[in-house]
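Quick notes on the structure that follows.
The values are calculated or read from the model by the stated rules, or taken from the named source; none is laboratory data. Here the structure is a predicted model, which means the values were calculated and not measured. Here the Cβ positions follow ideal geometry from the backbone for every residue, glycine too, while neighbour counts run over all protein chains shown.
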Amino acid sequence: MFLQNTYRFTVGYVEIQVEGYFVERFLNLCLNRNIEVWDINRKYDGIIILKLHHYDLEKINEIAEVTKTEVKILKKNGVPHIANLYSKRKIFLMISILVMILIYLASQRIWQIAIIGDFSFPLEEIENELLMEKVKVGMHKDDLDFDSIKNRIYVRRSDILWMGFEINGVKLTVEVLERTDPPKDALTGKPCDIISDKDGIIAKIFVREGTKLKNVGDVVVKGETLVSRSGIL
Amino acid sequence: MAKGDFREKIQKAMEIPVELLSSYPRITLLGNESVFIENYQSIVEYEKTLIRISNNVIVYGSDLNVEEITSDEMLIVGKIKSIEFE
C-alpha cells in the first residue's frame with residue numbers, strides 16, 4: 001500500500017469530478033480500458049470524485065464524451081505537479097540548493113582557532129608553530145593529522161610538554177602545556193633545595209623528585225626548606 | 001445440456017476450485033468497515049448508501065467509498081450494514 005502510494009505520488013495524479021447520469025457506466029468503461037482509478041467518492045446524486053494518473057486524462061475525456069458526463073479537474077498532486085510549480089522559480093530553487101551546498105562545504109573547514117593553556121612564552125610562537133604545520137583558518141578538517149603535527153612540534157620545541165587538539169563544529173581548540181623543569185642551582189647546574197620565600201600554609205604540594213619535608217596544611221615561615229635535594233641522583 | 005452443467009462436470013472431473021471457473025464473486029468482509037469483492041463484473045449502481053454489482057449482489061451501508069478498484073477486484077470502505085443477494 002505504501003509502495004503503491006509512493007509510486008502514485010512520484011508519477012503524479014489528478015483528482016477529478018465526474019458529473020452525469022451514467023457515472024457507473026463511466027467507471028466500468030475506465031476499468032475495461034485499463035485505466036487505474038482509486039479513492040472513488042460519491043458526493044450526491046450524479047457526482048463522483050475519483051483519482052487517476054495524469055497520463056490517463058486524455059482517455060478520460062474520450063470516455064466522458066461517450067457516456068455524456070462532464071469531467072472537471074479538482075486538484076493536481078504529485079512530483080511532476082510540484083516540479084511544474086517550481087519551474088517558474090528556477091533561479092530561486094537553484095540558489096537555495098547552492099546555499100545548502102555552500103553551507104555543507106563550509107562546515108567541513110576550520111573557521112576559528114583558539115589557543116588556551118598556561119605558558120610563559122608569547123602566543124605568537126604557538127601560532128607560528130601551527131602555521132608551519134599548515135594549521136590555519138580555512139583548512140579542511142580531514143587534512144588535520146593530530147598525531148604527526150604533535151610529534152613534529154614536540155621535536156622542534158622542547159619547552160612544550162603536551163598539546164591537545166579538539167574540534168567543536170568549525171572551531172579548533174589547541175591546549176598547550178609548558179614543560180617546567182625542576183629548579184637548578186644557577187652556578188653549578190646541580191639540583192638544589194626549594195626554600196619558601198614567604199610565610200603561609202601549604203595548600204597543595206606535589207614532589208616528583210627529592211624529599212618532601214612539608215605536608216598539606218603545614219605552617220611555613222619564610223626561609224624554611226620545603227623540598228630537600230637529598231635523594232636526587 | 002445447459003452451459004452451467006457442462007462447466008460443473010469439468011470442474012468436478014478435474015478438481016478445479018469452484019471460484020476459478022464460476023462467475024460467483026468472492027466476498028471478504030472485514031468487520032463492518034470494508035468489503036473486498038473479487039470477480040465482480042461491473043458496477044450497476046453506485047450510490048452513497050448502496051453499491052450494486054452485476055452478480056446481483058448489493059452492499060448496503062452509509063458513506064460507501066470505493067478505495068481501490070481494478071477490472072476484477074474492488075475494495076469498498078465505509079459503514080457496511082448488510083450484503084444482499086437478489
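Quick look at the numbers
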{"quantity": "Single residue of A:Gly217, A:Gly231, A:Gly189, A:Gly164 found to be at positive phi and either part of a strand (DSSP E or B) or modelled with pLDDT of 85 or more (or both)", "calculated": "A:Gly217"}
{"quantity": "Scope the range A:204-214; condition touching a Pro at 6+ places or on another chain (Cβ under 9 Å) and either assigned to a strand (DSSP E or B) or of a type in the set (Lys, Arg) (or both); matching residues", "calculated": "A:Arg208"}
{"quantity": "The range B:46-86 - residue that is out of contact with any helix residue (DSSP H, G or I) (no Cβ under 8 Å at 6 or more places or on another chain) and of a type in the set (Ser, Thr, Tyr) and, of those, farthest from the other protein chains (Cβ to nearest Cβ)", "calculated": "B:Ser82"}
{"quantity": "Checking B:Arg7 against (1) out of contact with any Pro (no Cβ under 8 Å at 6 or more places or on another chain); (2) of a type outside the set (Val, Ile, Thr); (3) within 14 Å of chain A (Cβ to nearest Cβ), the condition it does not meet", "calculated": "(3)"}
{"quantity": "Test: residue in the range A:175-194 that is surrounded by 12 or more Cβ atoms within 10 Å (Cβ to Cβ) and within 25 Å of A:Ala106 (Cα to Cα)", "calculated": "yes"}
{"quantity": "Residue match in the range B:38-45 (condition: within 14 Å of chain A (Cβ to nearest Cβ), surrounded by fewer than 13 Cβ atoms within 10 Å (Cβ to Cβ) and closer than 25 Å to A:Glu15 by Cβ)", "calculated": "yes"}
{"quantity": "Scan of the range A:146-162 for residues that are under 25 Å from the mean Cα position of the chain (by Cα) and surrounded by 11 or more Cβ atoms within 10 Å (Cβ to Cβ), ordered by number", "calculated": "A:Phe146, A:Ile149"}
{"quantity": "Only one of B:Glu86, B:Glu73 that is over 29 Å from A:Ile35 (Cα atoms) and not basic (Lys, Arg)", "calculated": "B:Glu86"}
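Residue by residue, here is whether (1) modelled with pLDDT of 90 or more; (2) within 14 Å of chain B (Cβ to nearest Cβ); (3) in contact with a Lys or Arg (Cβ under 8 Å, 6 or more places away or on another chain) holds:
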residue: A:Arg25; (1), (2), (3): no, yes, no
residue: A:Ile35; (1), (2), (3): no, yes, yes
residue: A:Asp45; (1), (2), (3): no, yes, no
residue: A:Asp56; (1), (2), (3): no, yes, no
residue: A:Lys59; (1), (2), (3): no, no, yes
residue: A:Val79; (1), (2), (3): no, no, no
residue: A:Ala83; (1), (2), (3): no, no, no
